[in-house]
Amino acid sequence: MTNVRVYITHVSGDRLWGVENPLPAQVQMAININLLGFERKSPGMVEAPFVFTVSFTPSVAQISIKGTAQTTGDEVELNRIMDDFRSQKPPPATVVQAVSSIAIAEAIVVAKTIGVPPPVPPFPLPTEQPRPKTDTRYTT
């Protein structure tokens, strides 16, 4: 089993929209996570620097978070991560999930500080399930 620790090394938030102007009614956000590579630090550790960015449309603000994800665990699992990286396969979901959850939390704080909408992932709306028709007859 692997364990992922995320270390933030740089946080940046720029409000590009004037503070005296109200924000547009519709603001779209694009979240991008780039793992810049995997490097073997020891037989039990693999390290991956990352850049997490939030872009707004229209250009209201931009948020950037940089850091490192350290994955520790069994040497066999870490060898597989390195082999997958060399084969240009997607990074492990556990690393991506750890980085995104930590970086989104930091980005929410930055967004609040600079006064723009937070990059909260959309929650799916509950869909109403149609009730099955029952053919019940009551007779006396």
Checklist entry - Say we join alpha carbon atoms closer than 10 Å with springs in a Gaussian network model of the chain; which of Glu39, Glu77, Glu20 then has the biggest fluctuation? => result Glu20
Item to check | Simple Cβ-charge dipole of the chain, Lys/Arg +1 and Asp/Glu -1, about Cα centre, in debye nearest 20 | outcome: 300
Checklist entry - Rounded if a/c is under 1.5, else prolate if a/b beats b/c, else oblate: with a ≥ b ≥ c from the C-alpha gyration tensor eigenvalues square-rooted, which is region 1-77? => result prolate
Checklist entry - Got a sec? How would Phe52, Phe38, Phe85 order by Cβ neighbour count within 10 Å, fewest to most? => result Phe85, Phe38, Phe52
Checklist outcome for this item: Neighbours of Asn79 by Cβ distance under 11 Å: Lys/Arg at +1, Asp/Glu at -1, summed charge -2
Checklist entry - How do the peptides 106-115, 58-67, 87-96 rank, highest first, by the average count of neighbouring beta carbon atoms within 10 Å per residue? => result 58-67, 106-115, 87-96
Item to check | Normalised contact order of the chain, rounded percent, pairs of Cα under 8 Å and 6 or more residues apart | outcome: 27
Checklist outcome for this item: Mean-square fluctuation maximum in Gaussian network of the chain, Cα pairs under 10 Å, restricted to Arg15, Arg80, Arg40, hits Arg80
Checklist outcome for this item: Residues whose modelled amide H sits under 5 Å from the amide H of Ala61, counting only those 5 or more places away in sequence or on another chain, are Leu16, Phe56
Checklist entry - Rounded, prolate or oblate: which fits the chain when a ≥ b ≥ c are the square roots of the eigenvalues of the alpha-carbon gyration tensor, with rounded for a/c under 1.5 and prolate only if a/b beats b/c? => result oblate
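Values quoted throughout were computed directly from the atomic coordinates according to the rules given, and no laboratory measurement underlies them. Since we're looking at a predicted model, the values are computed, not measured. Positions of Cβ are backbone-derived with ideal geometry, glycine not excepted, and every protein chain shown enters the neighbour counts.
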